[in-house]
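Structure record follows, encoded as structure tokens.
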Amino acid sequence: MKQRLLFIARFYALTILIFTVAKAAFMLANSDSHPFSPADMAAVIGHGLSLDLSTGLYLLALPFLAVWASVWVRVPRAALSAYLWAIAALMALAFVADTSLYRFWQFKLDASCLQYLDSPTGITASVSAGYLVTRAVWLAAATAAIRYAYHLGLAAGTAKACRPMTRRAKVGASALMLLLTPALVIGIRGGLGESTTNIGQVYFSPRQFLNHAAVNPLFSFIYSLGKSGDYVVHYSYYSQAECDRLTAGCFDTRSDRPDTLLSTRRPNIVIVVMESCGGQFTELGGHREITPNLNRLCREGVYFTQCYANSWRTDRGCVSILSGWPAYPTMSVMKMPEKSRKLPSIARTLKRAGYDNTFLYGGDINFTNMRSYVLGTGYDHLAWKADYSAAEQASANWGVRDDIMFASLLSDIKGSGKGPWMKTLLTLSSHEPWDVPDKVLGDEVYNAFHYLDRCLGRFVADLRRSPAWDNLLLVILPDHGCRYRDVNETTRLFSHIPMLWLGGAVKRPCRIDRVCNQSDLAATLFGQMGIGHGDFTFSRDVAARNYRRPMAFHTFNNGITVIDSCAFTVYDLDARRVIASEGGRRDEQVKLGKALLQLTSEGL
């Protein structure tokens, strides 16, 4: 029996050692953008150990049962070898995927990656073929290395662990294994207390990279499986009465004598959703050279200077813009057809008012279930990558580049007659890998947004010269911000976005300085048009006099941000603590953020 216990101990120790090496490799691979010291690495390994120990027990469960079974029956060594190959491949996949994706996502591997597997073109668009081949080589090498490590550590003890035993010894061994079983279960659970093993237990630093490095990617993935993507997550923090008290006045579906921003109640409408073009690339972030056209146009229309994105991903941001619906930390409502088609939407409301609606996107419309959402929420016509020539489809990694799509939108507008109609364009070129035809700025990221701005400026100039301009409302806003350089979830600028209304239908240029979300577009637009918006439960008319609690609510991967004119608070739901704040109202804003999560998730 001693040899069997030694086999279990060797397996477990080897697994923990592999996790430790993987942490070091993760940190080294990301050290160019996240420098650290040897002391930092030691702290990461030490603080992450509790999660590694629990995850190691998950992987130990099957060998534990196999050793128990070997007391009474012969367990084929081939079965153990197959299991070792399987977990070697699983660990290698987790380590390589986590290390590779962190550069793009800035959070640990979790089940949200599964949402993108149904459309491989969306995955490959951000990286080159060489990048994918390199990762495949890394995956194969890591699998072989992990399997060889298990071979070296276990080979000598495997045969000894399978030696036959007397019947009396078998009974004693089984009793011992039975006694050890609760320890295995308790170890996986993380103890006997109310709090079970969770990601936040390894967070220790104000630097998020070090916290993320401490998290075991296998555990992160398993932990998130039932809490993301296609699954509804309901948040419960307070009694219903307390939740109502905390959120009182946040959402008013009336428009009480709104300021008059438009000269007509039935304009034709164009909504341009700019991929990733957060305020950091505009004058909001102190940059005049990146988006000069957008900066200039903001002085020529209705400029919402304190608008904030609801989310950090396109699928969430589009739902917030077009349905006036909040975003969630780990859920994508667009990925839930049974939910998304029931959402209110600007297109459906306008369709009831006689509008004809068109959606244009140069990429794969099936990515993140976008087709289902667009067609299910009131759009009559759809133009996407497949509707363009092979040369146009190959003009950018993600699909048809922006200058072609803006030209297509302009042509569609000119051929649409008097209307009423609405057209929505989702751009795509200002996205990794930043492959745009212009090379004006030295920084490739800044250059991509400069290209988007040039396309936008040319489109607006051409549109002004057409008869369609006179009765047109052009709404320009991003789907979300962008993690770049020092801008991330812990900075106010990350979710700060420009929203601009232009066109002949705009009564006069003005600035609206009230804090709001992009999800407030629907109620604000319909307030100007005299159309009821009571079904837009979480959209607010920013121009109305009853908009008395200006605030914005942003979510990112398992975190929330609450913003008002005086304060800013970022709360990590995994760590269960504030990771950034300004203004001294952090406790109040954390309570409000949790209550908003609870209230809005109940609406699904």
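The values are calculated or read from the model by the stated rules, or taken from the named source; none is laboratory data. Just so you know, these numbers come straight off a predicted model, no measurement behind them. Counting neighbours? That spans all protein chains shown, and the Cβs are built from the backbone with ideal geometry, glycine included. All accessible areas refer to the heavy atoms of the entire protein, side chains included, with ligands and DNA or RNA removed. Shrake-Rupley method; radii C 1.70, N 1.55, O 1.52, S 1.80 Å.
Open to solvent by less than 20 Å² (accessible area, probe 1.4 Å), among the acidic types (Asp, Glu) and within 12 Å of Asn310 (Cα to Cα), is that true of Asp520? Before you say what the answer is, go through the steps one by one.
Numbers: open to solvent by less than 20 Å² (accessible area, probe 1.4 Å): yes; among the acidic types (Asp, Glu): yes; within 12 Å of Asn310 (Cα to Cα): yes.
Considered against the rule, which asks whether it is open to solvent by less than 20 Å² (accessible area, probe 1.4 Å), among the acidic types (Asp, Glu) and within 12 Å of Asn310 (Cα to Cα), Asp520 comes out as yes.
Looking at Thr99, Thr20, just one residue is in a helix (DSSP H, G or I), within 30 Å of Gly481 (Cα to Cα), open to solvent by 20 Å² or more (accessible area, probe 1.4 Å) and among the β-branched types (Val, Ile, Thr), and that residue is Thr99. Close Cβ contacts (under 7 Å, 6 or more residues apart or on different chains) running from residues in the range 578-601 that are assigned to a strand (DSSP E or B) to residues that are surrounded by fewer than 18 Cβ atoms within 10 Å (Cβ to Cβ) and among the aliphatic types (A, V, I, L, M) comprise Glu582/Ala567. Could you list, in sequence order, all residues of the range 551-580 that are open to solvent by less than 50 Å² (accessible area, probe 1.4 Å), over 18 Å from the mean Cα position of the chain (by Cα) and not hydrophobic (A, V, I, L, M, F, W, C)? Selection gives Asp564, Thr569. Would you point out which residue out of Glu444, Glu432 is at pLDDT below 95, farther than 28 Å from Ala353 by Cα, out of contact with any Gly (no Cβ under 8 Å at 6 or more places or on another chain) and not basic (Lys, Arg)? None of the other options fit; the residue is Glu432. Among the residues of the range 254-272, the ones that are under 22 Å from Phe538 (Cα atoms), out of contact with any Phe, Trp or Tyr (no Cβ under 9 Å at 6 or more places or on another chain) and modelled with pLDDT of 95 or more come to 1 in all. Across the range 587-604, what is the total count of residues that are open to solvent by 30 Å² or more (accessible area, probe 1.4 Å), over 17 Å from Ala241 (Cβ atoms) and at pLDDT below 95? The number of residues fulfilling the criteria is 2. If you take the residues of the range 377-400 that are of a type in the set (D, E, K, R) and open to solvent by 50 Å² or more (accessible area, probe 1.4 Å), which of them is farthest from Leu521 (Cα to Cα)? Filtering the range 377-400 for residues that are of a type in the set (D, E, K, R) and open to solvent by 50 Å² or more (accessible area, probe 1.4 Å), the one farthest from Leu521 (Cα to Cα) comes out as Glu392.
For Leu28, the conditions (1) more than 27 Å from Ala136 (Cβ to Cβ); (2) assigned to a helix (DSSP H, G or I); (3) open to solvent by 40 Å² or more (accessible area, probe 1.4 Å) are fulfilled apart from (1).
I'd like the residue in the range 155-173 that is outside any loop (DSSP other than H, G, I, E, B) and surrounded by 15 or more Cβ atoms within 10 Å (Cβ to Cβ) and, out of all such residues, is modelled with the highest pLDDT.
Of the residues in the range 155-173, the ones outside any loop (DSSP other than H, G, I, E, B) are 155-161, 167-173.
Imposing the further condition that a residue be surrounded by 15 or more Cβ atoms within 10 Å (Cβ to Cβ) reduces the set to 157-158, 161, 173.
Details: Gly157: 56, Thr158: 56, Ala161: 55, Ala173: 70.
Of everything passing the filter in the range 155-173, Ala173 is modelled with the highest pLDDT.
Given the residues Lys335, Lys342, which is the only one that is in contact with a strand residue (DSSP E or B) (Cβ under 8 Å, 6 or more places away or on another chain) and among the charged types (D, E, K, R)? Walk me through it before giving the result.
Details: Lys342 fails: in contact with a strand residue (DSSP E or B) (Cβ under 8 Å, 6 or more places away or on another chain).
It is Lys335.
Pick from the range 444-482 the residues that are of a type in the set (D, E, K, R), touching a residue at least 24 places away in the same chain (Cβ under 8 Å) and surrounded by fewer than 21 Cβ atoms within 10 Å (Cβ to Cβ): which of them is farthest from Val515 (Cα to Cα)?
We begin by selecting, within the range 444-482, every residue of a type in the set (D, E, K, R); these are 444, 453-454, 458, 462, 464-465, 470, 479.
Now narrow it down to the ones that are touching a residue at least 24 places away in the same chain (Cβ under 8 Å): 453-454, 458, 462, 470, 479.
Among the residues that remain, those that are also surrounded by fewer than 21 Cβ atoms within 10 Å (Cβ to Cβ) are: 454, 458, 462, 470.
Working: Arg454: 28, Arg458: 30, Asp462: 32, Asp470: 29 Å.
Top of the filtered list is Asp462.
Counted as qualifying within the range 300-412 are the strands (runs of 3 or more DSSP E) with 2 or more residues that are closer than 24 Å to Gly278 by Cα and not β-branched (Val, Ile, Thr), namely 302-308, 356-361. Of the residues making up the range 14-59, those that are farther than 21 Å from Tyr148 by Cα, under 25 Å from the mean Cα position of the chain (by Cα) and in contact (Cβ under 8 Å) with a residue 12 or more places away in the chain are Met27, Ala29, Asn30, Ser33, His34, Val44, Gly48, Leu51.
Looking only at the range 355-376, how many residues end up being of a type outside the set (Val, Ile, Thr) and more than 24 Å from Asp520 (Cβ to Cβ)? Count: 10.
Scanning the range 515-536 for residues that are touching a Gly at 6+ places or on another chain (Cβ under 6 Å) and not aliphatic (A, V, I, L, M) yields Ser519, Phe536.
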